[in-house]
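The values are calculated or read from the model by the stated rules, or taken from the named source; none is laboratory data. If you're wondering where the values come from, they're calculated on a predicted model, not measured in any experiment. Ideal geometry is used to build each Cβ from the backbone, glycine not excepted, and the neighbour counts take in all protein chains shown. To get the accessible areas, we keep the full protein, side chains included, count just its heavy atoms, and leave off ligands, DNA and RNA. Shrake-Rupley method; radii C 1.70, N 1.55, O 1.52, S 1.80 Å.
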Amino acid sequence: MAGGLELTEDTTITVRGGVHRTGAADGSGAAELLAGYLRPVTGLPLAVTPPGAAGGGSSIVFTTEGADTRLGDEGYELRIGSGGAEVVAGGSAGFGWAVQTIRQILPAEVEGDRVTAGPWHLPAVTIRDVPRFPWRGTMLDVARHFFAPADVERVIDLAALYKLNRFHLHLTDDQGWRLEIRGHPELTTIGATTSVGGGPGGYFTREQYADVVSYAARRGIVVVPEIDMPGHTEAALASIPWLNGDGQAPPVATDPVVLTSSLAVDREDTARFVADVLAEVAEITPGPYIHIGGDESLGTDPAAYRRFVERAAAVVRAHGKRPVGWDEIATAEVGPDTIVQHWIDVENARSAASRGMQIVMSPAGRAYLDMKYDHSTPVGTTWAGYVDTRTAYGWDPAAQVPGLPPSVVVGLEAPLWTETVTTLEHIEAMMLPRLPAYAELGWSRATGRSWEGFRHRLAHHGRRWSAGGRAFTSDPAIPWG
Ligand code: TNX
């Protein structure tokens, strides 16, 4: 191939420039991330060196020098020629996304986990890349079925490959409470013992959760933990009898659908419980968001529901975090700094926008990863319709809810609910190939992209997923090569 850069025994990775004016860090995290991706498959030393260190080989340079303000926190420039590669960015997020681009333009074998002969050729390119939306996310429901940290990290790394920057963990629901809370050990000794269908449960210790959070952070991804309240709480109600209005603990739910569970919302000991739990979650969550759920609280009196979510949002705020909730929380005065996640009700989205709240778009009929692609999809549901790759790609987050000022839409998120999803293979088959569709809607302007272009570009990724040992659904609309 003409031009471009060959990775060899002598190639080094160099970090130049200090902490940028934005306060964001230099490229050293990204340099280590890149080396960590490449060393196991190339077998090359790829030393991360300070500028000017000895060595005659070509170099991949990460530098803040020359970064212009329009790159923002997440933008980057990447120039690759036969003499070397240079990444220019204003901070660690931009450097990290450049690493993912480098990963995507290397041969597919880069996704493997053992040494491959190469050649490891980086094509000559000049790229200037800045995302459209600041919130580009996916969600994994670890409550309906539990997934161990290693599986969750595989999913996070997949999200990173497509430059998603938010990973929402749905940690609690009727069928399981999946995060250790020191002040209330029953939540996991009882609430984490099972799952949908009555099989085994599981939960993250605080340490495991912290490790997952830092694994994500190294890839530029903020974990958004969700404690779903006051509905979707049967596992908590089973664990702590006094959270129930009648003081009687039900069993942990194992049916997929529970529509009436509710914390006893107006009681002071319930408020103290919520404050304890949110304090612990805030303590182990470095990211700026805590999601308080708030969806489908059909067993809660509406006025009491509003008082409850207002109070929960205030507790989140008191810990210096921004509250996030499903669109129903817009029926309450949760405060203009709250982020509302639209999934079903356009009136809730409009109401939130009219009171200055920002909105993340997760419309079920477009963005729900638990919807089947078509009748042949082995797992998943259909209540919001089939979502094939074309449907997943064919909408604009800013225009999804007619009448919303586009500026209130901060981005999109694709949730994977796991009532029917029980293995990592299922997760990957539901996410691939749709996840890159959502990633492109989040990153690229609406003008200049098209389904025709997308499906042909996407086709090349099948080999990468296979090389990485990942499952995917071969949607017939994609011309897999
Ligand atoms: C609705 S979406 C729910 C979830 C289910 C999902 C299944 C939302 C906020 N609530 O509890 O898992 O549908 O698709």
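So how many residues does the range 124-152 have that are under 11 Å from the mean Cα position of the chain (by Cα) and more than 16 Å from the ligand (Cβ to nearest atom)?
3
Taking the range 273-311 as the region of interest, how many residues are open to solvent by less than 20 Å² (accessible area, probe 1.4 Å), in contact (Cβ under 8 Å) with a residue 40 or more places away in the chain, away from the ligand (no atom under 16 Å from the Cβ) and of a type in the set (Gly, Ala, Ser)?
So the count comes out to 1.
For the range 394-415, enumerate the residues that are away from the ligand (no atom under 16 Å from the Cβ), open to solvent by 10 Å² or more (accessible area, probe 1.4 Å) and of a type outside the set (A, V, I, L, M, F, W, C).
Of everything in the range 394-415, those that are away from the ligand (no atom under 16 Å from the Cβ), open to solvent by 10 Å² or more (accessible area, probe 1.4 Å) and of a type outside the set (A, V, I, L, M, F, W, C) turn out to be 394, 396, 402, 403, 405, 406, 407.
Can you find even one residue in the range 353-361 that is under 22 Å from residue 277 (Cα atoms) and within 16 Å of the ligand (Cβ to nearest atom)?
No, every residue in the range 353-361 fails to be under 22 Å from residue 277 (Cα atoms) and within 16 Å of the ligand (Cβ to nearest atom).
Looking at (1) in contact (Cβ under 8 Å) with a residue 60 or more places away in the chain; (2) in a loop (DSSP other than H, G, I, E, B), which is the one condition that is false for residue 245?
Exception for residue 245: condition (1).
Residues that are open to solvent by less than 10 Å² (accessible area, probe 1.4 Å), at pLDDT 95 or above and within 16 Å of the ligand (Cβ to nearest atom): does the range 200-216 have at least one?
No, the range 200-216 contains no residue that is open to solvent by less than 10 Å² (accessible area, probe 1.4 Å), at pLDDT 95 or above and within 16 Å of the ligand (Cβ to nearest atom).
Mind listing whichever residues of the range 367-400 are more than 19 Å from residue 411 (Cβ to Cβ), assigned to a loop (DSSP other than H, G, I, E, B) and not charged (D, E, K, R)?
Matches in the range 367-400: 373, 375, 376, 377, 378, 379, 380, 382, 383, 384, 385, 386.
For the range 169-199, how many residues are open to solvent by less than 50 Å² (accessible area, probe 1.4 Å), over 21 Å from residue 423 (Cβ atoms) and part of a helix (DSSP H, G or I)?
So the answer is 2.
Let me confirm something: among 381, 389, 418, which residue is under 20 Å from the mean Cα position of the chain (by Cα), in contact (Cβ under 8 Å) with a residue 12 or more places away in the chain, within 16 Å of the ligand (Cβ to nearest atom) and open to solvent by less than 60 Å² (accessible area, probe 1.4 Å)?
The conditions single out 418.
Would the range 224-233 turn up any residue that is assigned to a strand (DSSP E or B), at pLDDT 95 or above, touching a Lys or Arg at 6+ places or on another chain (Cβ under 7 Å) and within 16 Å of the ligand (Cβ to nearest atom)?
Yes - at least one qualifying residue is present in the range 224-233.
If the requirement is being modelled with pLDDT of 95 or more, touching a Ser or Thr at 6+ places or on another chain (Cβ under 7 Å), closer than 19 Å to residue 165 by Cβ and crowded, with 21+ Cβ neighbours inside 10 Å, which of these qualifies: 30, 98?
30
Quick one: would you say residue 439 is open to solvent by less than 10 Å² (accessible area, probe 1.4 Å), in a helix (DSSP H, G or I) and out of contact with any Asp or Glu (no Cβ under 9 Å at 6 or more places or on another chain)?
It is true that residue 439 is open to solvent by less than 10 Å² (accessible area, probe 1.4 Å), in a helix (DSSP H, G or I) and out of contact with any Asp or Glu (no Cβ under 9 Å at 6 or more places or on another chain).
Looking at this structure, is residue 39 exposed (fewer than 15 other Cβ atoms within 10 Å of the Cβ) and at pLDDT 95 or above?
Yes; evaluated as a whole, the condition is true for this residue.
Looking at (1) open to solvent by 40 Å² or more (accessible area, probe 1.4 Å); (2) in a helix (DSSP H, G or I); (3) not aliphatic (A, V, I, L, M), which is the one condition that is false for residue 146?
(2)
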